[in-house]
Amino acid sequence: MQLSIFTLVWTEACNFRCSYCYKKKGDASIDLSTAIKAVDFFAPFFAPECQINFYGGEPLLAFGKIKKLVRLVEEKNKSRGKQIHFCISTNGSLIDDLILEFLSRYKFSLLLSFDGLAQEISRKKGSFKRTVAVLKKIMKNPEIELMTNSVFTAETVKYLSDSIKFIAKLGAPNIGFSLASCPPWDRSSLLELKKELASLREFILASYEKTEAFPLIDFRKDTEKGVFGCFAGQDRLTLTPDGRLWGCHLFPDYCGGNEGTREQSQYCFGDLDRFIKSHKSIYPRVLSNYSRLRMDYFRTPQIFCHLCPELEDCSVCPVDAAVSGQAMGRIPDWICRQNKIFRQEKELLWKEWGRGA
């Protein structure tokens with residue numbers, strides 16, 4: 001076992017109620033003593049260079065505990081000699097000068113969840129101006145590695161290109177976007193997606209013709225090609241507020257809602273204390289289930305993915321099917337179509353870029 005990423009889902013609580021959010025809502029949080037126990041146990045299994053991620057809910061609701069853990073990890077790591085990088089995913093609403101100073105001092109990577117012009121449709125009313133102001137303040141702290149992520153639903157996809165253009169013009173250095181997994185997308189929303197991605201492609205070509213270092217992460221050129229496999233459990237683990245371990249932060253919400261389900265038994269490594277005592281037997285047994293989460297084992301209603309000529313160009317998160325109500329690795333038609341539309345637009349971008357060069 002060698003971990004490149006260890007995630008702590010600090011709390012189920014959140015001060016936003018986003019319409020597309022799949023996360024379980026509640027008041028449970030990880031005790032500081034439990035977090036310390038987990039990091040102390042896994043520290044010998046951390047890769048020479050690794051990440052500790054803070055996730056939620058809204059993790060900054062637990063800022064006091066995060067601050068204490070980071071300082072403790074830094075102190076203990078003086079003798080361990082690992083290169084530990086801290087990361088946090090946040091809606092930004094609680095960020096103030098004190099938090100920014102802390103994140104900057106410890107050179108955090110910060111994923112800011114900001115939906116651009118769709119912010120107040122799917123997220124919290126009145127949060128748009130506040131998030132823009134916070135984004136500008138973060139960019140004044142060069143020690144913080146910033147990335148934004150915008151989520152679009154079938155309802156808000158019509159705001160995708162204008163939202164990403166707006167964020168790019170603010171100067172954000174790394175910009176990503178995601179497509180909500182539910183509710184399902186119909187034909188008209190998929191056509192809208194194609195139109196929005198074409199507009200975004202044209203914006204990239206017009207705005208960044210002299211450099212390939214444009215900020216839109218999803219459209220950057222792929223350096224490797226091959227069959228996608230999920231790395232959950234293999235080089236990463238997640239601790240949740242109930243003290244259980246999973247392969248990544250997505251699995252507890254998709255598989256852990258109903259006690260005793262088959263998928264829960266397949267993908268949960270059990271509670272922390274039991275894992276510490278019996279990890280040599282538990283880890284390989286559960287890991288064998290994660291190792292099957294590869295595109296060539298998946299299927300759509302029409303075809304087994306290993307028969308698809310685009311297999312090596314496709315990468316679908318295996319739990320996206322689960323949130324749509326299907327079994328793990330069963331890819332709904334509309335998710336398959338989303339991915340094909342995106343790949344087509346990306347391929348067009350780089351063909352046109354080559355002609356322009």
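Could you let me know the centre-to-centre spacing of the range 212-291 and the range 1-42, using Cα atoms, in angstrom? A separation of 13 Å, based on Cα centres. When the Cα positions of CYS87, ALA180, LEU205 are compared along the charge dipole of the chain, CYS87 comes out farthest toward the positive end, with charges on each C-beta of Lys, Arg, Asp and Glu.
In percent, how large is the relative contact order of the range 3-219, given Cα pairs closer than 8 Å and 6 or more residues apart?
Details: 331 pairs, mean separation 36.0, N = 217.
In percent, rounded to a whole number, it is 17.
The value given for the range 3-219 is a Kirkwood hydrodynamic radius of 18.6 Å, derived from the mean inverse Cα-Cα separation.
Taking a spot 7 Å from the Cα of ASP235 along the direction of its beta carbon, which residues of the range 39-72 have an amide N less than 16 Å from it? Backbone N within reach: 45-53. Across the options GLY64, ILE121, PHE152, the greatest Cα extent toward the positive end of the charge dipole of the range 33-155 (unit charges at beta carbon of Lys, Arg, Asp, Glu) belongs to GLY64. Taking packing as the residue-averaged number of other Cβ atoms within 10 angstrom, the listed peptides 59-69, 168-178, 274-284 run from highest to lowest as 59-69, 168-178, 274-284.
Throughout, read-outs are computed from the coordinates displayed, never taken from laboratory work. Everything numeric here is computed off the predicted structure, so don't read it as measured data. So basically every Cβ, Gly included, is an ideal-geometry build from the backbone, and we count neighbours across all protein chains shown.
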